[in-house]
1. How many residues are not in a helix (DSSP H, G or I) and not small (Gly, Ala, Ser) if we restrict to the stretch 57-84?
2. Has the stretch 9-24 got any residue that is of a type in the set (D, E, K, R) and closer than 16 Å to Val85 by Cβ?
3. Starting from the stretch 3-17, keep only residues that are acidic (Asp, Glu), then list their pairs with residues that are buried (at least 17 other Cβ atoms within 10 Å of the Cβ) whose Cβ atoms are within a distance under 8 Å, requiring at least 6 positions of separation or different chains.
4. So, of the residues in the stretch 30-56 that are in a loop (DSSP other than H, G, I, E, B) and in contact (Cβ under 8 Å) with a residue 24 or more places away in the chain, which turns out to be surrounded by the fewest Cβ atoms within 10 Å (Cβ to Cβ)?
Amino acid sequence: MLSLANDLAATWFLELWEKAPTPAKAIGLRKSAVERLLKRYRTRRVDAETVLRRLREPAIKVAIRVAEAASVHMRSLITRLHVVVSRA
């Protein structure tokens, strides 16, 4: 996922991460949702197909609780980044 953006605090990237915080969530993400997100933020560096392909690449195997804990931690970081970005 980190290969999708040069700016990991970009609003579109944070919103994408909120929509697909885990590989399991990424599987259920629809192409139309990704297209809308990219269009809303005028992101042209990547297209929806590329985003979905990257999100659905095989993930590192970890225990379910580890993935859940990492997801909770990322939500916390994303919330903080939204505050910082909105004040910049």
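Bear in mind these aren't lab numbers, they're just calculated from the coordinates by the rules spelled out. Since this is a predicted model, take the numbers as computed values, not measurements. We place every Cβ from the backbone using ideal geometry, glycine too, and count neighbours over all the protein chains shown.
1. As a first pass, look at the stretch 57-84 and keep what is not in a helix (DSSP H, G or I): 57-63.
Narrowing the set further to residues that are not small (Gly, Ala, Ser) leaves 57-58, 60-62.
Final tally of qualifying residues: 5.
2. Checked against the condition, which is being of a type in the set (D, E, K, R) and closer than 16 Å to Val85 by Cβ, the stretch 9-24 yields at least one hit.
3. Asp7/Phe13; Glu15/Leu37
4. Checking each candidate, the answer is Arg45.
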